[in-house]
Amino acid sequence: MLVFKDFFLVFFCLLILIICVLVGVAFLTLLERKVLGYIQLRKGPNKVGLLGILQPFSDAIKLFTKEQVYPLMSNYFIYYFSPVVNLFLALLIWACVPFYSYFLSFEFGVLFFLCCSSLGVYTIMISGWSSNSNYALLGGLRSVAQTISYEVSLALIFMSLLIMVGSLNLFDFFFFQSFSWFIFCCFPICMVWLVSSLAETNRTPFDFAEGESELVSGFNVEYSSGGFALIFLAEYSNILFMSMLFSLVFLGGNVSSIFFFLKIGLISFVFIWVRGTLPRYRYDKLMYLAWKSFLPVSLNYLIFFICLLVFLFSLLC
């Protein structure tokens with residue numbers, strides 16, 4: 001009976017987490033439209049509810065009540081279920097957030113994050129391939145190459161930080177930043193992490209998977225109504241998660257503080273600000289940046305931290 005109660009509590013906590021993430025995603029879309037509006041000297045959504053605050057819910061009702069259209073030549077089941085799996089992975093990745101309740105606290109949160117973020121690219125690739133459209137396929141292929149390129153840098157930066165912390169548990173980042181945040185002692189790799197996060201989530205200036213000017217809408221060009229909504233829920237959920245991870249790893253990581261959530265909001269605002277400010281990169285420059293700039297920096301920092309650790313051990317011995 002006690003085991004049943006434990007399972008029920010875990011399920012209930014997960015349900016609350018998912019609902020909070022989805023509500024956060026809804027208001028992140030509203031924030032983005034408002035900020036982009038003011039950047040472009042216009043108002044943004046301001047009609048539905050007070051100051052347009054109900055606009056995300058109006059859009060959700062509109063999208064999920066529209067007719068589901070699918071291409072006749074598509075691989076129907078793969079085409080239909082890949083957005084669902086994409087959203088599932090985007091919500092599952094939130095399970096590695098280090099909660100004080102310990103309802104899903106495990107020692108390998110970093111590995112869990114790397115596994116889930118690596119799996120997410122397959123859903124984009126399969127979405128593009130199963131649509132049986134040249135534009136969608138090209139967008140999917142671009143996304144795969146881009147995500148693989150920048151995941152290498154992300155993993156190497158994480159390894160550098162793990163050598164300092166000495167644990168795969170994300171909760172330990174909070175204890176190691178009690179006196180000084182990692183952003184002060186690791187500022188260059190902090191900036192590399194932020195730019196890699198933009199590339200990982202397919203955001204401007206790295207939004208080649210959905211390049212409107214050359215690919216119509218990229219990998220999601222054949223999706224409408226519910227499928228389209230699920231793809232963008234997944235994208236904005238990943239943006240929120242990467243903002244949370246940045247705050248956790250570089251900005252103190254005190255999950256119980258209200259300032260932690262303000263930091264998440266600030267990093268999410270940076271994502272939107274970049275979109276409203278910078279033009280899209282050229283694709284060869286994107287790959288050049290990943291393999292010839294970020295990879296050497298990440299590798300050099302990793303070697304530096306390993307040498308520092310060996311030096312400190314030799315002093316102690």
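The values are calculated or read from the model by the stated rules, or taken from the named source; none is laboratory data. Since the model is a prediction, treat every value here as computed from it, not as a measurement. Every residue, glycine as well, gets a Cβ built from its backbone with ideal geometry; the counts of neighbours run over all protein chains shown.
Checked against (1) in a helix (DSSP H, G or I); (2) at pLDDT below 85; (3) surrounded by fewer than 22 Cβ atoms within 10 Å (Cβ to Cβ); (4) of a type outside the set (Gly, Ala, Ser), residue 219 passes all but a single condition, namely (3). List the residue pairs whose Cβ atoms are under 7 Å apart, where the first residue sits in segment 184-204 and is more than 17 Å from residue 293 (Cβ to Cβ), the second is of a type in the set (Lys, Arg), and the two are 6 or more positions apart or on different chains. Note: pairs meeting the criteria are 203/275; 204/275; 204/280.
Need at least 1 residues that are modelled with pLDDT of 80 or more and of a type in the set (Val, Ile, Thr) per element, so show me which helices (runs of 4 or more DSSP H) inside segment 109-214 make the cut, counting only ones lying wholly within it. Spell out the reasoning first.
Details: elements: 109-130, 134-165, 172-176, 182-185, 187-200.
By residue number, 109-130, 134-165, 182-185, 187-200.
For residue 68, the conditions (1) within 19 Å of residue 228 (Cβ to Cβ); (2) in contact (Cβ under 8 Å) with a residue 40 or more places away in the chain; (3) surrounded by 13 or more Cβ atoms within 10 Å (Cβ to Cβ); (4) not charged (D, E, K, R) all hold with the exception of (3). Of all the criteria given as (1) under 20 Å from the mean Cα position of the chain (by Cα); (2) within 18 Å of residue 240 (Cβ to Cβ); (3) not small (Gly, Ala, Ser), the one not satisfied by residue 57 is (1).
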